[in-house]
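Visitor: Once you've had a glance at the structure underneath, I'll fire off some questions.
Derivation of every value follows stated rules applied to the coordinates shown; laboratory data play no part. From a predicted model like this one, the values you see are computed outputs, not experimental measurements. Backbone-built Cβ (ideal geometry, glycine too); neighbour counts: all protein chains shown.
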Amino acid sequence: MTQTNAFRDPSRVNQLIKCIQTEAAPIAERLGRPIQIMEVCGGHTHAIVNTGINQLLPSSIELIHGPGCPVCVLPTTAIDQAVSLAESSNHILASFGDPLRVPGSRHSLLDAKANGAHIQTLYSPLDALKLAKHHPNKTIIFFAIGFDTTIPSTACTLQMAAQQSITNFRVLCHHICLMPVLTTLLERQEIQLDGFLGPGHVSMVIGAKAYASIADKYHKPLVIAGFEPVDILHALYLLVQQLSAQQHSIQNAYSRVVLEEGNKAAQQSINDVFISGIDAKWRGLDLVPGSGLSIRPKYQQHDAVQLLNSQHVAENNTDPVYCKQVLTGSLKPHHCPWFGKQCTPHHPQSGLMVSTEGACAAYYASHAKTAVGTLS
């Protein structure tokens, strides 16, 4: 049995399900409702839906889908800024593929590209740096999005641009940090949460100890998990064990990847390039204090925000109310009245339906598979 197969072993899955069921039932009876656990990461949401974990879990546990998808929480203003820059004849906007179909107030980046805007899809900010070298007469603007996981690669690319004096490379920074949104959700108390399934990839950068306040201040347990079925179920079992003992601590169930201190080299690059703790807008959550980043003055010549000074982009807060409810965990995607009707992957209302980590996209794909299976 390979290591990967071990994390998908049906016998282990069944054993963990039975253990969770035994442990969770009396807790739910005590609470008078199902245990509500938020899986923060969109990657976990897709893994849970795609592998059918959500169907295997007992009714004593309810999984709440969190805002852990950076494309899904991109504010309309961010898309509008990117479109505005891409429409300039002197610019080439370089972007990952996921944001291209997210609606802006006027249109999406994909619509802008169809209308003649200069947009290149790539897989790494380093590809954008290469683009700048190949097009010295154009300003290459990298549309930098993502949580703590992708911030180090943007930071390292900016360091390289400065070291190599590549003056036609800029970054439109819309990076956000995940930890502040967890405290925001707990502060707002819009939903009842009993614990968190902690993100694996983000934790690889920031480290397990970054979540200390979740347990110390808010008295909620958090268990960091990997992305295979056994990973997720093991983490859920550790969570219900803590809840059974009425404990609240941070546990690392993904120690093969995540360290207590995180990735020190990545953290140093981030601190060198970015100022953290900036208030930032999230789609569906409005302002999340301390969640944003801005580029430090020493890298100012590579900050694309300067190019927006003469191109005012109006604020827009017209996100559909159902999208906000899904993002905050108060509405399941398939319970949305627009799901599969006004909102589909071909005609999305927000990034939730087009992102590879979007909850609505995961549910839509799952429903499509079920329909195909029924027809066949």
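Visitor: Non-local amide H neighbours of Glu62 (under 5 Å, H modeled in plane, Pro and chain starts lacking H): which ones?
Guide: Here the answer is Ile35, Gln36, Ile37, since their amide H atoms fall under 5 Å of that of Glu62.
Visitor: Classify region 82-216 from the C-alpha gyration tensor, please: rounded if a/c falls under 1.5, else prolate or oblate depending on whether a/b exceeds b/c.
Guide: Verdict is oblate for region 82-216.
Visitor: Can you give the % of DSSP beta bridges in the chain that are antiparallel, to the nearest 5?
Guide: About 20 percent, rounded to the nearest 5.
Visitor: Given [x] 157; [y] 138; [z] 208 as candidate values of volume of the Cα convex hull per residue in Å³, which corresponds to the one derived from the coordinates?
Guide: Only one listed value fits the structure, namely [x].
Visitor: Spelling out what I want: for every residue of region 53-62, take phi, set θ = phi - 60°, compute 6.51 cos²θ - 1.76 cosθ + 1.60 (Karplus), and round to whole Hz; glycine and proline get x.
Guide: 4, 4, 8, 7, 5, x, 5, 6, 10, 10
Visitor: Can you work out ³J(HN,Hα) from phi for every residue in region 161-168, in order, using Karplus 6.51 cos²θ - 1.76 cosθ + 1.60 and θ = phi - 60°, giving whole Hz and x for Gly and Pro?
Guide: Values per residue, Gly and Pro as x: 4, 5, 5, 9, 6, 8, 7, 9 Hz.
Visitor: Multiply the residue separation of Ala245 and Asn90 by 0.36 nm, subtract the distance between their alpha-carbon atoms, and state the gained length in nm to one decimal.
Guide: Gain on extension, Ala245 to Asn90, equals 49.6 nm.
Visitor: Multiply the residue separation of Gln306 and His334 by 0.36 nm, subtract the distance between their alpha-carbon atoms, and state the gained length in nm to one decimal.
Guide: Roughly 5.9 nm would be gained on extension.
Visitor: Roughly how many nanometres apart are two label points built 7 Å out from the Cα toward the Cβ at Ser11 and Lys217?
Guide: My value for the distance between the label points is 4.6 nm.
Visitor: Going by the alpha-carbon gyration tensor, a ≥ b ≥ c the square roots of its eigenvalues, is region 58-108 rounded (a/c under 1.5) or, if a/c is not under 1.5, prolate (a/b greater than b/c) versus oblate?
Guide: Because a/c hits 1.5 or more and a/b exceeds b/c, region 58-108 counts as prolate.
Visitor: Additional query: Between Asp286 and Asp127, what length comes free when the chain is fully extended (0.36 nm per residue of separation minus the Cα-Cα distance, one decimal in nm)?
Guide: Answer, rounded to one decimal: 54.1 nm.
Visitor: Calculated FRET efficiency, Val257 and Lys18, Cβ-Cβ r, R0 25 Å, to nearest 0.05?
Guide: Step by step, r from the Cβ atoms, then E = 0.40.
Visitor: Next up: Rounded to the nearest Å, what's the spacing between the alpha carbon centres of region 234-279 and region 190-223? Just the number, please.
Guide: 7 Å
Visitor: Just to be sure I understand: with springs between alpha-carbon atoms less than 10 Å apart, which residue in Gly290, Gly358, Gly68 has the highest mean-square fluctuation in the Gaussian network model of the chain?
Guide: Residue with maximal mean-square fluctuation among Gly290, Gly358, Gly68: Gly290.
Visitor: While we're looking at this one, here's another question. How many angstrom lie between the C-alpha centres of region 68-95 and region 30-44?
Guide: So the two Cα centres are separated by 33 Å.
Visitor: Pop out the ³J(HN,Hα) list for region 170-185 in order, Karplus 6.51 cos²θ - 1.76 cosθ + 1.60 with θ = phi - 60°, rounded to Hz; leave Gly and Pro as x.
Guide: After applying 6.51 cos²θ - 1.76 cosθ + 1.60, I find 10, 10, 8, 7, 10, 5, 9, 9, 7, 4, x, 6, 5, 5, 4, 4 Hz.
Visitor: For region 1-83, what is the relative contact order in percent, using Cα pairs closer than 8 Å and at least 6 residues apart in sequence?
Guide: Reported as a whole number, the value is 31 percent.
Visitor: Also, I was wondering about something else. Given H placed 1.01 Å from N in the peptide plane, which residues other than close sequence neighbours of Gly97 have an amide H under 5 Å from its amide H?
Guide: Counting only residues 5 or more places away or on other chains, the set is Leu122.
Visitor: Rounded, prolate or oblate for region 38-148? Axes are the square roots of the Cα gyration tensor eigenvalues, ordered a ≥ b ≥ c, and the cut-off for rounded is a/c under 1.5.
Guide: prolate
Visitor: Search the structure for amide H atoms under 5 Å from the amide H of Val40, placed 1.01 Å from N in the peptide plane, and list their residues when 5 or more places away or on another chain.
Guide: Close amide H contacts, sequence-distant or interchain: Leu197.
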